[in-house]
Amino acid sequence: MAPTKRKRDEEQKDVEMESASSASEAETNSDEGELVLASEDDDDDENEFIQQSIAKRNIKDGAELLKKTSTVKGKGKAKNELGGGSFQSMGLHPSLLRALTLRGYRTPTPIQRSSIPTLLSNPPRDLVGMARTGSGKTLAYMIPLLQRLGGRHSGVYGARALILVPSRELAVQVLKVGRELSRGWREAGDQEHAGERDESGPSTSANALRWALVVGGEGLDEQFETMANNPDVIIATPGRLLHLLVEMSLNLSTIQYLVFDEADRLFELGFSTHLTSILEKLPSSRQTLLFSATLPKSLVEFAKAGLREPKLVRLDSETKISADLRMAFWSVREGEKDAALLCLLREVIGVPLKKDLEQRGAERDKSTGKRAKNSTAGAGAAILAPHQTIVFVSTQHHVAYISALLTLAGYAVSSIHGTLTQAARTSALGQFLDHKTSVLVTTDVAARGIDIPILENVVNYDFPVGNRVFVHRVGRTARMGRKGWAWSFVARDEVPYVLDLQLFLGRPLVDKVSSLTESAFVDSLVLGPFPRDALDQEMEYIRGLDDTNYELTTMRGVMQRGTKMYNRTKGKASPVSYSRAKEFISNGKWGFVNSDAVHPAWKLRSIRERGTPEQKSGSTLVEPTKTRESLLESLARFKPSETVFEIGTRGKTAGALLMKERRRALSKAASRVPLPLVNSHQAAAESSGDEGEGVQDVEMADERDIESAFGPSTTMSKSKASKRTSFKDEDFYMSHYQKDADTERGYSLRDGASFAEQAAQATFDLTTDVGAQEAARRQSQLKWDRKKKKFVKGDGAGADNVKMIKTEGGTKLPVTYKSGRYDEWIKGKGRGREIRIGETENPSATRSSMGGKRWKHSKVSDAKPLDKLAINYERKMRVMKKQAQTSDAQDRGDAKGKAKGKPGKGQLGGRWKGKSSQKVKNELKTVDQIRKQRNLIQRRKEKNARASRKGKGKR
Ligand SMILES: Nc1ncnc2c1ncn2[C@@H]1O[C@H](COP(=O)(O)OP(=O)(O)OP(=O)(O)O)[C@@H](O)[C@H]1O
């Protein structure tokens, strides 16, 4: 096919793809529909480019640049900042450009460069955007959103944009980014010059874009208020939005711009009920965007989002994780993970203790003469930055135990899990971001999207289930061109997940590195143990803590039981990884005793701290350690020559005699038949003398492994492929396997399992901090399905064809359930009726027109005089007199009460909202009232002498 024709054909494709956009490529290949394949060189360029552009974020410089560009027009503009492919060349509103520059965003990152022009094209185009964690995806959809909405509030009722995110923390973060950028927006023609005005607020608050944050954990009343205030952009988590949709009968038909941030997480089965119900309410003419760092190529899984001819912008699909990320995998026994964590924090990362932080903070305060509010805050980012650590665990019980342990060990700790209140979650994250704490222990609620600019360490205490989760967890570090470390503990049961990850990343799993430099931990997955003595010391330390802190032991017990339940219900690795893991473990490649007995990262730290390897090898301390290690190794390899039947019996019992007989028979058979080579691969390696030379691979993602797992067309390098003596010519052979099958499988929402399995396990894929026991019970429970007329298995959602949602309290309710709280709220506010979409706001009635204050009636006018000729004139006069007397007495009483210092308002006999409290109608009916009402209904029924219609009149 001629290249031009092929290009045309591709342009006509429904889904367009754009891969690899190094700076120059993005400029030249910005034509939609062009399929560009990423080479390794491109990836390097791209990484460099991301780093450079992100490192340029400097707010001070931004303000200066803005001043310069506004005074010296067109002169001295840096190519990337003002030339092609820059924000300036995207036709953005001057206010938006100004906000970007002021906040230090000078050069668009590749994902922004590829997405923004498409999103702003006319007619609007749907888009699916995938780029590595920390590559600037939030701005990639926020900039077009602000441009499309004109950055100003619309006076017509109805929200225009909806951003759906999977977690509350992420929602708050997105809101912050949006608010920052829309601040100070002014119409063209407004006469202020850039840099002249204070950025603290928009030009007029009435015109400022209104944002609504609709997340669980916040009070419903506040959210009713926010929604009634006619927001332009709604940032929401699906559960709470659906709740409001039903409760307020919200009309979302005005939404023009819909964003799914962390789309793959949103579309996992846990949220599907919510999303389907929300999507039903959105207009089909909307522009839909999906963004995430881990998206499969296949859009089938997102078909439910209702995308129309979307453009697929997929960057970094080859690199997956940041090139600045160093990784270390530690083989640890499940029961020793807590000791291993202490060892890691103390010996490898070197996290300062709380008291050290306080001391350093105090020293700093002394030298600067200022006093920080918080004692640890004084230490500041500079001291904490290289040591701040997020620890990811699997359940909320782990969070409780690990936090308690680390606090007892003297660290400043914050913790987050799903069942904490929103206020507690926000405060914990805030403390960590402000460098008041050095360790954040969390479940996967903080795994996605949270931007902590200078975080350097991520610890996977429990190995993540699924490659996507790994990518997101480790994506919290090595952002914005900074270096970062991901430390992962690998228990015996977790080896299959590591082998899955190895195939997904296409990097070898090794136990040695060629050179002890940090970069050696980038290209390979290095697995090794902690030194035994260091672990033993920590175990001893924890035992000491146990003696004085009983609750720690209890918490550990709860955590261990939780782990058991969690393991039973968590997702599975691919079947082939289980068989590989078996072989891997039996070959002694996992465990605390192996050839070298210590992880290279441990040595790396020792070198950093104590000197070069040469200096170290001269030390006399090395010898005893070696002797100890070889002793431990021989102990581990020890196999007793007797069976349990023979121990101590000296061959006299029947069992011992039988064993003797069996052994004799077996040795005869063994001598007749030469034993086959158990592992030909290993034998070949041994005979060729490979072992011990240079880098020794524990387990390579070699051709054979990969083929056995995913077919022949995966991550083989070209040189290897050319050496093959296969009949297949790689250029022409069409495999029935997808080329990047392992990657796609890793990104797939169904990772590692069949659809049915995944469906059964979906609740546990990420939201693992929900009580595992409860969920397991729900899974196995049988429910009667009225329509199918039989018992069905499952947690109730979908049974009887009733869609269920989870409320704040965790109870499941039908999607259509309306509690009536909104109606009550409307009544309480004295609003006549609900707001109707499409109506124009009454400027005098809006909150913002009063500068944010609510307008209240304060005028009091006399009632009309009574008509003397009216029939009930006498009676009315009597009542009025009586009322006047009581209120006079009331006022006197009030004055007395106040004089004595008693508050009169809201009290019995006092005044409430300007009325005598006796006149406030009690909304609760008394027993007599209810009885009276029932009797009345009964009498009416009897009078009519006919049966009531079904359901009516029942109380
Ligand atoms: N054009 C830019 N120039 C400089 N810095 C930028 C630019 N765009 C984004 N950033 C910064 O990069 C950091 C990461 O951005 P963001 O949180 O949007 O990444 P992300 O791709 O959404 O990550 P994740 O997948 O983890 O959610 C932020 O601190 C942001 O301020």
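See the values below:
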item	result
Sole residue being in contact with a Lys or Arg (Cβ under 9 Å, 6 or more places away or on another chain), open to solvent by less than 20 Å² (accessible area, probe 1.4 Å) and assigned by TED's automatic domain parsing to the domain that holds residue 410, chosen from 473, 492, 532	473
Checklist (1) near the ligand (Cβ under 9 Å from one of its atoms); (2) aromatic (Phe, Trp, Tyr); (3) more than 28 Å from the chain's Cα centre (by Cα) applied to residue 105, failing item	(3)
Matching option when the condition is near the ligand (Cβ under 10 Å from one of its atoms) and either modelled with pLDDT under 90 or open to solvent by less than 20 Å² (accessible area, probe 1.4 Å) (or both), among 161, 140, 99	140
Number of the condition not met by residue 293 [criteria: (1) at pLDDT 80 or above; (2) open to solvent by 10 Å² or more (accessible area, probe 1.4 Å)]	(2)
Output for the stretch 176-186, where each listed residue is over 15 Å from residue 93 (Cβ atoms) and away from the ligand (no atom under 11 Å from the Cβ)	179
Unique residue being touching a Gly at 6+ places or on another chain (Cβ under 9 Å) and without any contact (Cβ under 8 Å) to a residue 60 or more places away in the chain when the list is 403, 414	414
Selected residue [open to solvent by less than 40 Å² (accessible area, probe 1.4 Å) and basic (Lys, Arg)] from 543, 482, 556, 561	556
Close pairs from the stretch 418-446: first in contact (Cβ under 8 Å) with a residue 24 or more places away in the chain, partner among the basic types (Lys, Arg) and open to solvent by 30 Å² or more (accessible area, probe 1.4 Å), Cβ under 9 Å, at least 6 apart	422/168; 425/168; 426/168; 437/354; 438/354; 445/168
Residues located in the stretch 245-266, provided they are within 16 Å of the ligand (Cβ to nearest atom) and either hydrophobic (A, V, I, L, M, F, W, C) or surrounded by fewer than 21 Cβ atoms within 10 Å (Cβ to Cβ) (or both)	259, 260, 263, 266
Which listed residue is surrounded by fewer than 24 Cβ atoms within 10 Å (Cβ to Cβ) and within 16 Å of the ligand (Cβ to nearest atom), from 173, 112	173
Number of the condition not met by residue 444 [criteria: (1) within 12 Å of the ligand (Cβ to nearest atom); (2) closer than 26 Å to residue 346 by Cβ]	(1)
Residue satisfying condition, being modelled with pLDDT of 70 or more and exposed (fewer than 11 other Cβ atoms within 10 Å of the Cβ), within set 853, 882	882
For residue 154: the one exception among (1) over 26 Å from residue 482 (Cα atoms); (2) within 15 Å of the ligand (Cβ to nearest atom); (3) open to solvent by 20 Å² or more (accessible area, probe 1.4 Å)	(2)
Unmet criterion (only one of (1) within 22 Å of residue 406 (Cβ to Cβ); (2) open to solvent by less than 10 Å² (accessible area, probe 1.4 Å); (3) not polar (S, T, N, Q)) for residue 525	(1)
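The values are calculated or read from the model by the stated rules, or taken from the named source; none is laboratory data. A quick note: this is a predicted structure, and the numbers were derived from the prediction, not measured. In this analysis, Cβ positions are derived from the backbone assuming ideal geometry, glycine residues included, and neighbour counts consider all displayed protein chains. Protein only, heavy atoms only, side chains kept; ligands, DNA and RNA dropped before computing areas. Shrake-Rupley method; radii C 1.70, N 1.55, O 1.52, S 1.80 Å.
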